[in-house]
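Reviewing the structure listed below.
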Amino acid sequence: MFNSSKNAWSKKKKIKLLIVAILLVWFWFCLPSKLFNAPTSYVIEDKDGNLLDASIAADGQWRFPYDVNVPDKFIKCILTFEDKRFYYHPGVDPIAFVRAAFKNTRSKGVTQGGSTLTMQVMRLSRHTAKRNLYQKLIESIQAVRLECTHSKKEIMGLYASNAPFGSNVVGLDAASWRYFGQSPDKLSWGQMAVLAVLPNAPSLVNPGRNRSVLLKKRNELLDKLVANNTIDKTTCDLAKLEPLPGAPIPLPQFAPHLLQRFKDDLVKTDSTKLTSIKTTIDFNLQKNVTDILTQHQSILKGNGINNTCALVLDVETGNVLSYVGNIYNINDSDMESYVDVIKAPRSPGSTLKPILYATMLSDGMILPNSLVPDIPTQIGGYVPQNFDLSFDGAVPASKALSRSLNIPAVKLLQQYKYQRFYELLKQCGITTLNRPADTYGLSLILGGCDINMWDLAGLYASFARTLNHQQKNNGKVFTKDFYPPQYQDNSRQRTNANATINSLDATSIWFTFQAMEEVRRPGEEGLWQQFSSSQRIAWKTGTSFGFRDAWAIGITPKYVVAVWVGNTDGEGRPGLIGVQTAAPILFDIFRQLPSSEWFKTPTNDIAYLPVCRESGYRANIDCPDVDTIMVPANGYKAPLCPYHKMIHLDATGTYRVNENCVSPADMVHTSWFVLSPAMEYYYKQKNHDYKPLPPFKDGCSIAEPGKNIELIYPQPDAKIYVPLEINGERGKTIFTATNRKASAKIFWSLDDAFIITTTNFHQIALSPSPGLHIITIVDEDGESISRQFEIMEKDK
């Protein structure tokens, strides 16, 4: 019987232990894996923690993400008001329970609760509206459990982030901004006391209602803070004089487009991440850039130009210092303020020309000042034009870049091959070239593609970064220095790979920035160098076809600034030109930035070569003026000067001669700068010191047949549309030719029918009928050129 009793007792003990174990397991797992699942507002701060912008949560509440750092003033206020023994109880305060029960019994109703802040956290997390003893018991158990795994600081953060503060405001951070327009750490004692009493009765904050009740509660709390020696009597009296909050205050909107970009990026990656970030934005710079854009847009809108944006980057880190995606005026729907132009693909105009110049220098295809043809050009059906519709004949490559001439740029790309340039752009970080290279063709260099400001600014920042690192990289260009911008510090996965970009070198980039610095700044008449306070800036403008996009981008060793002006709907406007609209904004922004020293002159991967002073090519034996200059290391691959050649003159130096009429002993041998007839025709109009080849002496045969006459217009297989004049008649087409001989005659024929003879000035106006025609010119020496063209019908 004893054994039977003993076995029964053992069985009961096991059952008790099992029950205890089950209760302990239930106790441990009684908390949900995540206490609060409500959506939170998207919030972005600047690099110092200042609020830039925020959006309301998906459920219509202003609820900032969880913040474990609660201001000390709020902690002292809320503990004095709600939970004096917060740091001493295990989640449940027996003393508070007894006191509440005693008071409620005496008053025969619920006048005081005994819930601790930890219990209130659990009640808020359970979203239950029931208030009874059973719910109180569950909250108490879960509160004790919460204290087992969470610090008091974490629990205080949970309460402050999820307590109701009236209307649709949840959490201390949101309440501070909605009611007082500033962050909680900047609130006064009077303001913090108001917020501390609100979770207990959040309906007190209603403009025009319950003001006296809220005032009484706040002042009572302030008196308690004096009583427990938290504040002194003077501070209390001053706090009581502070006004109560009124209607909710709109939150700051200093970076609405960056906020939207952040939201979009979360969707692309992981929407469960914290919806609040500290960005790399400089708060004061962001405000100043916004003000500059607003000021300029107020003038530009008089011309129907509604939109502008700007991006400022730190070169070394790629950090975004200012991100203004558009003029933000949501009350004017015509302005389409919601469009973030920084991420929108737009035609880049001429802003890619420096990239081509740098890579051709690096490949040794040109030298910095090599002459490039600037004459009427037709390549297939493509007819590029300079912005001012003029021609220089020939222009140094560096000047063609600084003046943004289109025809030389197309000539260079034709030489480099647009397929190679396309691949280089993609390698350097341009992500919007989504079509095959052949769909862009040579127009790629003039903006015949779509690129966004984010990629473009990042590319130029990578160029500048490479130049800053030239010494440690020995002049090489590494892929690790090419990375996109970032608005969160260290959010990018940077590569340490030392793969080189063989199409570029630091010296070529340096020469490119030198050429870009030579551009005349708007409104300064080229005198900016005389002021020591002016920064040296490499900059480039761009204007898209149809005057739809105006660009300006500037680079210093520390900063990259990009500006766009236009209309988001693509409407073109007269006067929407980069140098006139975007460049003034660019320099206004640079005035907000600290000056920096210029890029250091390269010391690696360079060469010193004899260069023809007049042509900019490597000097040949006939070049009379030669300078030994620094060039990129591959400069030795550049062609020899094709324009200087030895000619033979008579003893007077007036006429050219040859061995058929003058003895070599009586000749004067001299080097002469000789351009092709078409280049010469335009070059001598801009360069009055240019000396054409002297004529041949009478009796001397022409030594170089076929090189004296040229038909400048039309180009081969040109398609010409001739508009109607005001009187309804079809206009005339101007045909232009040139001959080296100043007094030469040219005989013109159209479709084998003689038309006219011209002398000295070889230009005629004709009105050919629609269809195919052949124009033929012949000079006195029998040299001839024939060229087919087509006059287009009106409806073609």
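The values are calculated or read from the model by the stated rules, or taken from the named source; none is laboratory data. Fair warning: this is a prediction, and the values are worked out from it, not measured in the lab. Here the Cβ positions follow ideal geometry from the backbone for every residue, glycine too, while neighbour counts run over all protein chains shown. Side chains are part of the model used for accessible areas, which takes the heavy atoms of the whole protein and leaves out ligands, DNA and RNA. Shrake-Rupley method; radii C 1.70, N 1.55, O 1.52, S 1.80 Å.
For segment 587-610, which residues satisfy the criterion of being in contact (Cβ under 8 Å) with a residue 60 or more places away in the chain and in a helix (DSSP H, G or I)?
Let us first name the residues in segment 587-610 that are in contact (Cβ under 8 Å) with a residue 60 or more places away in the chain, namely 587-589, 592-593, 595-596, 598-606, 609.
Matches in segment 587-610: F587, D588, I589.
With G458, G447 as the choices, which residue is under 24 Å from G546 (Cα atoms) and not acidic (D, E)?
G447
Just wondering, is there one or more residues in segment 265-273 that are modelled with pLDDT of 90 or more, open to solvent by less than 30 Å² (accessible area, probe 1.4 Å) and within 24 Å of Q61 (Cβ to Cβ)?
No.
Run down V579, V563 and say which single residue is outside any helix (DSSP H, G or I), in contact (Cβ under 8 Å) with a residue 24 or more places away in the chain and in contact with a strand residue (DSSP E or B) (Cβ under 7 Å, 6 or more places away or on another chain).
V563
Give me the residue from segment 50-74 that is assigned to a loop (DSSP other than H, G, I, E, B) and touching a Ser or Thr at 6+ places or on another chain (Cβ under 7 Å) and, out of that set, most open to solvent (accessible area, probe 1.4 Å).
The residue in question is Y66.
Test of understanding: among G572, G554, which residue is part of a loop (DSSP other than H, G, I, E, B), in contact (Cβ under 8 Å) with a residue 24 or more places away in the chain and of a type in the set (G, A, S)?
Values: G554 fails: part of a loop (DSSP other than H, G, I, E, B).
Matching residue, one of G572, G554: G572.
Residue-wise test of (1) more than 30 Å from E680 (Cβ to Cβ); (2) part of a loop (DSSP other than H, G, I, E, B); (3) open to solvent by 50 Å² or more (accessible area, probe 1.4 Å).
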site: K301; (1), (2), (3): yes, no, yes
site: T308; (1), (2), (3): yes, no, no
site: P348; (1), (2), (3): yes, yes, no
site: Y357; (1), (2), (3): no, no, no
site: P368; (1), (2), (3): no, yes, no
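Output the number of the condition that C623 fails; it satisfies all remaining conditions of (1) within 19 Å of I366 (Cα to Cα); (2) not in a loop (DSSP other than H, G, I, E, B).
Only one criterion is unmet by C623, namely (2).
Under 7 Å between Cβ atoms, at least 6 apart or on separate chains: pull out the pairs that start in segment 58-80 with a residue that is more than 28 Å from D223 (Cβ to Cβ) and without any contact (Cβ under 8 Å) to a residue 12 or more places away in the chain and end on any residue that is outside any helix (DSSP H, G or I) and open to solvent by 20 Å² or more (accessible area, probe 1.4 Å).
none
Going by the conditions given, is S615 modelled with pLDDT of 95 or more and in a loop (DSSP other than H, G, I, E, B)?
Yes.
Can you tell me how many residues in segment 131-149 are open to solvent by less than 60 Å² (accessible area, probe 1.4 Å) and of a type outside the set (G, A, S)?
Matching residues across segment 131-149 total 10.
Applying the selection to segment 354-402, what residues are under 26 Å from Y690 (Cβ atoms), of a type in the set (D, E) and touching a helix residue (DSSP H, G or I) at 6+ places or on another chain (Cβ under 8 Å)?
D374, D392
Restricting to segment 707-739, what's the tally of residues that are open to solvent by 70 Å² or more (accessible area, probe 1.4 Å), in a strand (DSSP E or B) and modelled with pLDDT of 85 or more?
Summing the residues that are open to solvent by 70 Å² or more (accessible area, probe 1.4 Å), in a strand (DSSP E or B) and modelled with pLDDT of 85 or more in segment 707-739 gives 3.
If you go through segment 576-627, how many residues are among the hydrophobic types (A, V, I, L, M, F, W, C) and open to solvent by 70 Å² or more (accessible area, probe 1.4 Å)?
Within segment 576-627, residues that are among the hydrophobic types (A, V, I, L, M, F, W, C) and open to solvent by 70 Å² or more (accessible area, probe 1.4 Å) number 1.
So, L274, is that one closer than 22 Å to F165 by Cβ and touching a residue at least 24 places away in the same chain (Cβ under 8 Å) or not?
yes
Which one is most open to solvent (accessible area, probe 1.4 Å) among residues in segment 740-763 that are more than 15 Å from I709 (Cβ to Cβ) and in contact (Cβ under 8 Å) with a residue 24 or more places away in the chain? If you could, list the steps in order and put the result at the bottom.
Let us first name the residues in segment 740-763 that are more than 15 Å from I709 (Cβ to Cβ), namely 750-756.
With the extra rule that they be in contact (Cβ under 8 Å) with a residue 24 or more places away in the chain, the set shrinks to 750, 752.
Details: L750: 33, D752: 149 Å².
Only one residue fits best here, namely D752.
Go through segment 326-339 and give me each residue that's surrounded by 16 or more Cβ atoms within 10 Å (Cβ to Cβ) and farther than 21 Å from G554 by Cβ.
Residues satisfying the conditions are Y328, M335, E336, S337, V339.
In segment 191-220, which residue that is at pLDDT below 85 and touching a Phe, Trp or Tyr at 6+ places or on another chain (Cβ under 9 Å) is farthest from N162 (Cα to Cα)?
Applying the filter and picking the extreme gives V205.
Identify the residue in segment 537-556 that is open to solvent by less than 20 Å² (accessible area, probe 1.4 Å) and over 19 Å from K343 (Cα atoms) and, among all such residues, is nearest to the chain's Cα centre (by Cα).
Going through segment 537-556, the residues open to solvent by less than 20 Å² (accessible area, probe 1.4 Å) turn out to be 537-540, 542, 544, 549-556.
Okay, now just the ones that are also over 19 Å from K343 (Cα atoms), so 537-540, 555-556.
Working: I537: 17, A538: 16, W539: 14, K540: 14, I555: 12, T556: 15 Å.
Among residues in segment 537-556 that are open to solvent by less than 20 Å² (accessible area, probe 1.4 Å) and over 19 Å from K343 (Cα atoms), the one nearest to the chain's Cα centre (by Cα) is I555.
L772 versus (1) open to solvent by less than 50 Å² (accessible area, probe 1.4 Å); (2) of a type outside the set (S, T, N, Q); (3) part of a strand (DSSP E or B); (4) more than 21 Å from T377 (Cβ to Cβ): which is the lone unmet condition?
It fails just one condition, (1).
Only one of these conditions is not met by Y690: (1) in contact (Cβ under 8 Å) with a residue 24 or more places away in the chain; (2) open to solvent by less than 50 Å² (accessible area, probe 1.4 Å). Which number is it?
So Y690 meets the others, but not (1).
From the set of residues in segment 648-690 that are in contact with a Leu (Cβ under 7 Å, 6 or more places away or on another chain) and in a strand (DSSP E or B), which is nearest to L371 (Cα to Cα)?
The qualifying residue nearest to L371 (Cα to Cα) is W672.
Of everything in segment 101-147, what is modelled with pLDDT of 85 or more and over 15 Å from P32 (Cβ atoms)? Give them in sequence order.
T116, L117, T118, M119, Q120, V144, E147, listed by residue number.
Working only within segment 454-476, note down all residues that are open to solvent by less than 10 Å² (accessible area, probe 1.4 Å) and either of a type in the set (A, V, I, L, M) or within 25 Å of T431 (Cα to Cα) (or both).
Within segment 454-476, L456, A457, G458, L459, Y460, A461, S462, F463, A464, R465, T466, L467 meet the criteria.
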